[in-house]
1. Taking the Cα of SER46, stepping 7 Å toward and past its beta carbon, and measuring to each backbone N in region 3-27: which are under 16 Å?
2. Could you order THR16, THR137 so the one with the most accessible surface comes first? Probe is 1.4 Å.
3. Which one of SER102, ILE4, ALA76 has its Cα pushed farthest toward the positive end of the charge dipole of the chain, where Lys and Arg give +1 and Asp and Glu give -1 at the Cβ?
4. Test of understanding: extend the Cα→C-beta vector of GLU67 to 7 Å, then name every residue of region 116-155 with backbone N under 16 Å from that spot.
5. Go ahead and estimate [θ] at 222 nm for the chain from helices alone: -39,500 (n - 2.57) per DSSP H run with n ≥ 4, summed, over the residue count, rounded to 500.
6. Name the aspartates and glutamates eligible as straight-distance cross-link partners of LYS145: C-alpha to C-alpha under 15 Å, and not fewer than 8 places from it in the same chain.
7. Taking a probe of 1.4 Å, how large is the accessible area per residue of the chain, in Å²?
8. Nothing charged except the Cβ atoms of Lys and Arg (+1) and of Asp and Glu (-1): what's the magnitude of the dipole of region 29-180 about its Cα centre? Round to the nearest 20 debye.
Amino acid sequence: EPRISRVMARGAINGTQLAGLASDPSWNLFRGTGNWRLQLDIPSLSASETTPLRADLHSDLLGMAIELPAPLGKSAGERRDLRISGEWGKQPLHPLRLSYGSVFGLAAQLDPGPAPPKPIERMGIHLGEGNARLPATPAIEIDGKLEQLDLTPWLELMKGQSQGFDPPPLRRIDLQFDRLSWQQLTLERLDLDLEHDRNALTGYVAGQHFE
């Protein structure tokens, strides 16, 4: 295995600084200041051109609030681990992983080409305990289990928002909810198992109780 140079940095960063460093407005949802740790594994000059630079960014987010609905939102006084790791280099696709407490995980392959129509080549999203899995083919797959989710504030948040890119197709949804709410409707013990087939999601939806 080629030698690497490991660089580690720690510091307090606020949400405005994060948004500027990442050039991503999503970081503007972070309010306050938290302690962050960055680790970079830089390949040596003798490494092959395809040996990637590896980066790992971690924070317990203490001191930072996240202005999102439950279960992703949090107060500044709550600890919740956020870890983002990825690889960057001359390889065709760049792996990226994100884990956020015990509520959300993401595994993706990014297309580093110049202004690609599909910058996310494939992506797995996991809700609840456990890790996200990368789909075997270019697609989006969502799985996991949550005790409770209220869709109302999420749908309000997403109104009028555009993705800004062409995502891969949604291929699979495998989700369980102890309680799922939308406005005045509440579904309990809801089980979704849907798969993309001929431009439609087909499968089954089961709920033991409806209010």
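The values are calculated or read from the model by the stated rules, or taken from the named source; none is laboratory data. Quick caveat, the model's predicted, so the values are computed rather than measured. Here Cβ is always computed from backbone atoms with ideal geometry, including for glycine, and neighbour counts include all displayed protein chains. Remember, those area values only see protein heavy atoms, side chains included, never the ligands or the DNA or RNA. Shrake-Rupley method; radii C 1.70, N 1.55, O 1.52, S 1.80 Å.
1. 3-6
2. Numbers: THR16 110, THR137 60 Å².
Greatest to least solvent exposure: THR16, THR137.
3. Highest projection toward the positive end goes to ILE4.
4. 154
5. Details: 2 runs with 16 residues, N = 211.
That comes out to -2000 deg cm²/dmol.
6. The qualifying aspartates and glutamates are GLU129, ASP174, ASP178, GLU188, ASP191, ASP193.
7. 62 Å²
8. 100 debye
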